[in-house]
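Here is the structure we will look at.
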Amino acid sequence: MSAKQLETKAIALRNVIYRYPKSIAPVLHIDSWEVEHGELVFIHGLSGSGKSTLLNLLTGILVANSGDVQVLEQSIADLRSVKRDEFRAKNIGVVFQQFNLFPYLSVIENIKLAVYFSGIGHDVFQERCQELFSCLNLDLALMESRADMLSVGQQQRVAIARALINRPKLLIVDEPTSALDNEAKHGFMTMLVRLAKESQTTLIFVSHDETLMPFFSQQVSMSDLNSTREKDVN
Amino acid sequence: MLIKLAAKSLMQRRVSALLTVMMIAVSVFVLLSVEMIRYQAKDSFGKTVSGVDLLVGARTGQLNLLLHSVFQIGYATNNISWQSYQTIAKHSKVAWTIPISMGDSHRGYRVMGTTQDMFNFFSYGEEKSLNFAQGDAFNTLYDAVIGADAARKLNYKVGDKIVLSHGIAKTSFSQHNDKPFTISGILDATGTPMDKNVFVSLQAIEAIHINWQQGVKLPPSISSSEDVLIPDSVTAVMVGLKSKFATFDLQRLINQFPQEPLTAILPAATLMTLWQILGNVEQILLLISILVLAGALLGMSNMLLVSMRERQHEIAILRVLGASPWVILTLIQLEAILLVITGVLIALLGLWATVHVFRDYIISEYGLFINGQVFSSNMLLAMASIFLASFIVAMIPALSAYRRSLYANLH
């Protein structure tokens, strides 16, 4: 653990193995993977290919059984549990496939939750909120409405606003367009990529939808990345 | 922020949350009522009589004598003859005596025939004597003194005229309406059964029964004059001694009284005996109420635990936003505390209302004085125990949430 060398990458994985508790066969085995700062990465793969495990390792919710996971020049295994949560709150934004928001909280309360854990000030929060809402083409009047009163597209944009409110250096987006129609999808992607580029955020984008590939600078197939099938089955 | 989240999450599940709150409210209500009765009734019990060294009546059970002469519950089986009373009163070791004569009533309140000494020597609580709030003791034959509770309920003041009824039933058809009494004084509230008595002199009791036989009013034959107003007998006698050391000697003497069979008891000791009998019931009530509360808290735990399954996704959202598993645990504990606080508040409100509604009923039926003080030290202790218990029981769903949050998946 101590002989690790910190790398100047946004993401650097070396010999990472993860197996679920009480299970012998690893679900994820990555020899080596790197992502530069500010890169836009598209990850595609079938379900069960280890995508969500990879994302859980990157956010520090799960810790690898062996190997080194470095995120934003920080080795995840070096952080104690509470520090990992703090690191995630401050540096990583996440958007899920769907149901990102607490349906019974207002839009502003949903966003404030992210701020509660990262601890940015109220003025900064207000300012960034307005900025993000105009970038995401969201009406500020929606702020006080309950999250479940919004359309699916609006909810996804609020989720992005929440993921970006803390100015994370890494943004992880998991199948965000599956609930959107084609036209909305295109608009959503354009906006997301623009926001990521403007804020120089490294973007990890996971999707089945290979038509979205052209938006990205690095395309990764989980079946290439995860070598469990060749090595660890026996 | 977390409190708001917990509150809104509960509101989202308001039906099951409300049922849980009601379950807790009912069980806390039961527990706190039992606690209140335990302490206040015991307190009220012990305070009813003090400073009386011996209580003497016709041969009867200890408890019966105490109940009918002090608590005004039940009836005397027999009386003490006036001669026997005089013998006891003149005994060299006796400092004072208060004879009492029961059997009449006024609108449901028992009439106690007694002497001036009732107001001079009787004491209750920590050696407090009966004091007058208004007016004073009997000056003329048909004067009456009434207890604070009776005065308040019947809305009487000094100078009002009252008519006594024969017998102690709530409604009586034989009224002593030929001899109305005038209220000469109203006593301060004592918090003892004395508050619901109407006091008249022994002579007055004789006077109103002078033309009666076997409980039936006869036409007037002889006029009631003061010289024939020596009573034949009294119901009981409260005795104060010159020295406490003589108590057992005199008790033995009275119990072996040659002229007629008498019983002498030590009121304090008999009160203790009585409380011990009730004490077992009290312990069982407490045990039952604790079990009911445990059931309610386990129900709450179950409700939170079941909700965990559908909230797996919420936990995942909180985790990716940077909530540590401890935050998730805290959140569930907060929900439990909110449920219990609401339940306890409803229970306190219910208890307060119940005590105020049933206070008079409890006083008149059982001679127990409940002051409705919800925030006494034992009640606060009981409430602290409730919160501690709920914290412990809520650890079941809280730890489940903690464990789930460790592997909260991004999907």
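The values are calculated or read from the model by the stated rules, or taken from the named source; none is laboratory data. Just so it is clear, the structure is predicted and the values come from calculations on it, not from any experiment. As a convention, Cβ positions derive from the backbone with ideal geometry for all residues, glycine included, and neighbour counts pool all protein chains shown. The area values use the complete protein model at the heavy-atom level, side chains included, leaving out ligands, DNA and RNA. Shrake-Rupley method; radii C 1.70, N 1.55, O 1.52, S 1.80 Å.
Take the convex hull of the alpha carbons in chain B; its mean projected area over all directions comes to 25.3 nm².
A simple charge model with +1 on the Cβ of Lys and Arg, -1 on the Cβ of Asp and Glu and nothing else charged puts the dipole of the protein assembly as shown at about 620 debye relative to its Cα centre.
Find, among the chymotrypsin sites (Phe, Trp or Tyr not before Pro) in segment B:80-177, those assigned to loop by DSSP (not H, G, I, E, B) with at most 13 other beta-carbon atoms within 10 angstrom. Can you show the working numbers first?
On the way: sites: B:TRP82, B:TYR85, B:TRP96, B:TYR109, B:PHE119, B:PHE121, B:PHE122, B:TYR124, B:PHE132, B:PHE138, B:TYR142, B:TYR156, B:PHE173; in loops: B:PHE122, B:PHE138, B:TYR142, B:TYR156, B:PHE173.
Answer in residue order: B:PHE173.
Under a Gaussian network description of chain B, with springs only between Cα atoms under 10 Å, the residue in B:VAL357, B:VAL234, B:VAL28 that fluctuates furthest is B:VAL357.
How charged is the neighbourhood of B:LEU10? Take every other residue with its Cβ under 14 Å from the Cβ of B:LEU10, and add Lys/Arg as +1 and Asp/Glu as -1.
Working: positive: B:LYS4, B:LYS8, B:ARG13, B:ARG14, B:ARG311; negative: B:GLU310, B:GLU314, B:GLU335.
Once positives and negatives cancel, what remains is +2.
Bridgeable lysines around A:LYS185 (alpha carbons under 22 Å apart, same-chain partners fewer than 8 residues away excluded): A:LYS51, A:LYS197. Mind checking which of B:LEU286, B:LEU381, B:LEU66 has the largest fluctuation in a GNM of chain B, springs on alpha carbons under 10 Å? Maximum fluctuation in the GNM of chain B, among the listed residues, is at B:LEU381. Computed with a 1.4 Å probe over protein heavy atoms only, the accessible area of B:LEU291 comes to about 110 Å². Distance from the Cα centroid of segment B:118-145 to that of segment B:1-76 is 30 Å (rounded to whole angstrom). Comparing A:PRO26, A:LEU212, A:LEU140 along the charge dipole axis of chain A, the residue lying farthest to the positive side is A:PRO26, per the Cβ-charge model.
For segment A:30-92, the list of trypsin sites (Lys or Arg not before Pro) that fall in a loop by DSSP and count at most 12 other C-beta atoms within 10 angstrom reads A:ARG80.
Give the average, rounded to an integer, of partner chain Cβ atoms located within 10 angstrom of each Cβ in B:322-329. Before the final figure, lay out the partial values.
Details: counts 19, 6, 9, 4, 3, 4, 0, 0.
Taking all residues of B:322-329 together, the mean is 6.
Beta bridges from DSSP with both residues in the protein assembly as shown: antiparallel share about 65 percent, rounded to the nearest 5. Placing unit charges on each Cβ (+1 for Lys and Arg, -1 for Asp and Glu) gives the protein assembly as shown a dipole about its Cα centre, and among B:ASN64, A:ASN166, B:GLY191 the Cα reaching farthest toward its positive end belongs to B:ASN64.
Who wins for biggest fluctuation among A:ASN65, A:ASN100, A:ASN110 in a Gaussian network model of chain A, springs between alpha carbons below 10 Å? Largest GNM mean-square fluctuation: A:ASN65. Just the protein heavy atoms count here, and of the accessible area of the protein assembly as shown at 1.4 Å, carbon and sulfur take up 58 percent. Placing +1 on the Cβ of every Lys and Arg and -1 on the Cβ of every Asp and Glu, with nothing else charged, gives segment A:93-214 a dipole about its Cα centre of roughly 320 debye.
Between chain B and chain A, the total buried accessible area stands at approximately 2800 Å², from heavy atoms with a 1.4 Å probe.
For chain B, leaving out every one of the GluC sites (Glu not before Pro) that falls in a DSSP loop and has at most 12 other Cβ atoms within 10 Å, the longest unbroken run is B:128-411.
Over chain B, Cα pairs under 8 Å with separation of 6+ residues give a relative contact order of 27 percent.
Under a point-charge model restricted to the Cβ atoms of Lys and Arg (+1) and Asp and Glu (-1), what is the dipole moment magnitude of segment B:54-265 relative to its Cα centre, in debye to the nearest 20?
420
Note on B:THR190: accessible area approximately 20 square angstrom, rounded to 10, probe 1.4 Å, nucleic acids and ligands left out.
Using the empirical formula 2.2 N^0.38 Å as the baseline, the Cα radius of gyration of the protein assembly as shown reaches a ratio of 1.61.
Relative to the compact-globule estimate of 2.2 N^0.38 Å, the Cα radius of gyration of segment B:50-172 comes out at 1.11. Working note: 222 nm ellipticity from helices only, DSSP H runs with n ≥ 4, each -39,500 (n - 2.57), summed and divided by the residues of chain B, gives -16500 deg cm²/dmol to the nearest 500. For chain B, the membrane-span-like helix rule (DSSP H, alpha carbon extent of at least 20 Å along the helix axis, mean Kyte-Doolittle at least -1.0) picks out B:14-36, B:267-310, B:325-366, B:377-406; this says nothing about an actual membrane.
Counting only pairs 8 or more residues apart or on different chains, how many lysine pairs in segment B:54-265 have their Cα atoms under 13 Å apart?
On the way: B:LYS90/B:LYS242; B:LYS93/B:LYS242; B:LYS93/B:LYS244; B:LYS153/B:LYS196; B:LYS161/B:LYS179; B:LYS179/B:LYS217.
Lysine pairs satisfying the spacing and distance rule in segment B:54-265 number 6.
Please sort by residue number the trypsin sites (Lys or Arg not before Pro) in segment B:236-293 whose DSSP state is loop and whose Cβ has at most 14 other Cβ atoms within 10 Å. For trypsin sites (Lys or Arg not before Pro) across segment B:236-293 that sit outside H, G, I, E and B with at most 14 neighbouring Cβ atoms in 10 Å, the list reads B:LYS242.
Quick one: plug the Kirkwood hydrodynamic radius of segment A:11-231 (C-alpha pairs) into Stokes-Einstein at 10 °C, 1.306 mPa s, and report D in µm²/s. Spell out each step's value before the answer.
Working: Rh = 18.0 Å.
Once the numbers are plugged in, D ends up at 88 µm²/s.
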